[in-house]
1. Distance from the Cα centre of segment 1-22 to that of segment 267-332, in angstrom?
2. For a quick protection proxy, order the peptides 209-216, 309-316, 39-46, 443-450 by their average other-Cβ count within 10 Å, most packed first.
3. Expressed as an acute angle from 0 to 90° and rounded to the nearest 10, what is the orientation of the C-alpha long axis of helix 34-55 relative to the principal long axis of the chain?
4. Please work out the Cα center distance from segment 481-529 to segment 162-198, rounded to the nearest Å.
5. Can you give the extra length, in nm with one decimal, that the chain gains between residue 60 and residue 499 once fully stretched, where that is 0.36 nm per residue apart less the Cα-Cα distance?
6. Would you grab the residues whose amide H sits under 5 Å from the one on residue 333? Only those 5+ places off in sequence or on another chain, please, with H modelled 1.01 Å from N.
7. Counting only Cα atoms, I'd like the Rg/Rh figure for segment 230-362, Kirkwood definition for Rh.
8. Can you give the FRET efficiency for residue 258 and residue 330, using 1/(1 + (r/R0)^6), R0 = 35 Å, r = Cβ-Cβ distance, to the nearest 0.05?
Amino acid sequence: MRWPVLAVVFVCAACGLVYELELVALASYLIGDSVTQASVVLSVMVFAMGLGSLLAKRLRCRAAVGFGLVEGALALIGGTSALVLYACFAWFGESRWVLVAFSLAIGILIGAEIPLLMSLIQRVPERSVGTGRADRSVGTGRAGRAGDHDDAAGTVADLFAADYVGALVGGLAFPFLLLPWLGQLSGALVTGAVNAVAGAVLVLWLFRRDLTARGRALVVGVNLTVLGVLATATVLVDDFEEAARRAVYGERVRVAVHTELQEVVVTGGPEGPPDLYLDGRLRVSGADEYRYHEALVHPAMNGPHARVLIVGGGDGLAAREVLRYPGVRAVTVVELDPGVVRLARTDPALAALNGQAFRDPRVRVVHADAFHWLRGAVERVQERYDVVISDLPDPGITPSTKLYAQEFYGLAARALADGGRLVVHAGPATDRPRTYWTADATLRAAGYATRPYSTEGGTPGFAAGPDRADRASGTRHEPDDWGFLLAVRGTRPPALGLAPDAPPLRSLARRDLAAAAQRAERTRIAGLPPSTLVHPRYGH
């Protein structure tokens with residue numbers, strides 16, 4: 001009768017890994033920098049598992065009731081962790097310490113499972129379910145001790161096999177089933193309910209003879225309470241998410257959708273300019289986004305510009321600026337998330353803001369990872385561009401780091417036509433000069449000559465960085481500037497100017513560009529090493 005125990009081990013291991021992955025995913029969304037958040041969660045949780053194993057020694061004499069209570073607590077804490085973490089971010093603006101606290105608590109409870117399960121599973125061969133009678137004789141002397149040793153080794157092997165296979169299933173179920181079907185909040189709540197039921201059924205069925213009447217009532221009461229809390233939270237989760245979204249984005253939320261990759265929120269409009277948020281980060285401020293996009297696009301168009309490649313730019317705003325030049329024949333936009341392009345094409349406020357750029361027959365949209373697409377494009381001789389525009393989030397945001405690596409700029413160089421120009425948004429030069437000048441060093445290491453420049457910022461067209469806690473608490477920090485790098489292949493830096501056929505601009509004039517270059521140069525940090533795929537060097 002070990003199979004029911006091993007089945008519960010399997011289920012509990014799957015639930016434990018779901019809690020772990022859910023904390024990593026939500027922390028990356030709320031705080032940013034997925035590498036740091038994964039390191040914090042995993043290291044704290046593994047440490048806490050060791051503490052839990054030590055603390056569980058006190059419960060081994062009451063392993064059945066202890067396991068039932070541990071699973072109830074784990075189901076409650078793990079199941080509600082996403083809800084509480086999101087609430088702290090939405091209403092208090094700080095979620096780092098809450099993340100550490102949940103990682104510690106969940107790790108302690110998962111660690112306590114192992115010794116308690118060992119105590120329980122070693123009892124199974126000695127009993128028949130419901131009788132309490134021995135069903136095999138125990139050897140004596142050397143033979144008996146050897147048999148006990150072999151049986152203990154087999155027990156450990158069975159336990160860890162079930163645990164590891166359960167972890168595999170939980171790890172695969174999280175991204176492929178729970179996230180797309182239920183989302184992070186409901187997925188965690190449902191996982192907690194499964195966890196509570198599995199632990200309670202094991203204790204109340206297979207080990208009911210080991211429970212006193214008081215212990216049985218305690219296990220039943222705790223787990224029913226936990227299931228009631230989780231069920232209530234599941235029913236109210238949509239109302240909670242709507243209230244939290246209003247707390248984060250304000251009362252003017254007009255569109256909120258979950259694509260396959262991220263949460264997309266549009267506020268404002270149709271009477272006022274819209275704001276676009278991707279995974280909680282402000283990506284477009286409709287009131288003054290033109291200042292960012294004019295500075296990004298127009299200096300790069302000073303030269304041949306018949307064929308233009310935009311990396312990112314799913315909002316269509318960079319394409320809008322490019323299409324203002326009559327000599328442009330083809331624009332390719334490489335955007336990973338089709339949901340962003342779909343919204344920019346169909347939402348009335350966003351479509352009006354980008355000038356219906358995606359309806360222009362000269363625009364071709366490719367939904368792909370820019371690094372892999374560009375790697376394939378450069379193998380096709382016809383894919384050569386006069387201008388490449390890197391319209392991406394700051395390099396400090398971990399998913400963007402590889403698109404600021406030396407290898408990526410090497411691919412972009414091969415995609416440029418002779419005399420072609422590359423422009424990169426590299427984050428604020430004043431607020432994060434090390435990040436900005438690391439991007440410059442990376443471009444130069446890839447064989448470019450660069451011309452740094454920056455323009456004064458206000459409400460950011462991109463988030464100032466990956467940490468949104470200040471914004472959520474009502475003290476959002478705005479960047480002093482937006483930093484850009486204009487680059488060409490070779491050793492002579494490109495001229496910083498505007499094309500003769502440049503359209504009228506609202507915020508950028510030819511006389512402003514010299515000041516823009518001087519503003520960036522004042523922040524220069526020399527001697528920084530380049531960033532590569534295997535050694536990313538962007539910090540905050």
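1. 48 Å
2. On the way: 209-216: 13.9, 309-316: 27.4, 39-46: 17.9, 443-450: 19.4.
Highest-to-lowest ranking by the protection proxy: 309-316, 443-450, 39-46, 209-216.
3. 10 degrees
4. So the separation of the two Cα centres works out to 50 Å.
5. 150.3 nm
6. 310, 364, 365, 366
7. 1.06
8. 0.60
A short reminder: the numbers here are calculations on the coordinates, not readings from a lab. None of these values were measured; they are calculated from a predicted model. Ideal geometry is used to build each Cβ from the backbone, glycine not excepted, and the neighbour counts take in all protein chains shown.
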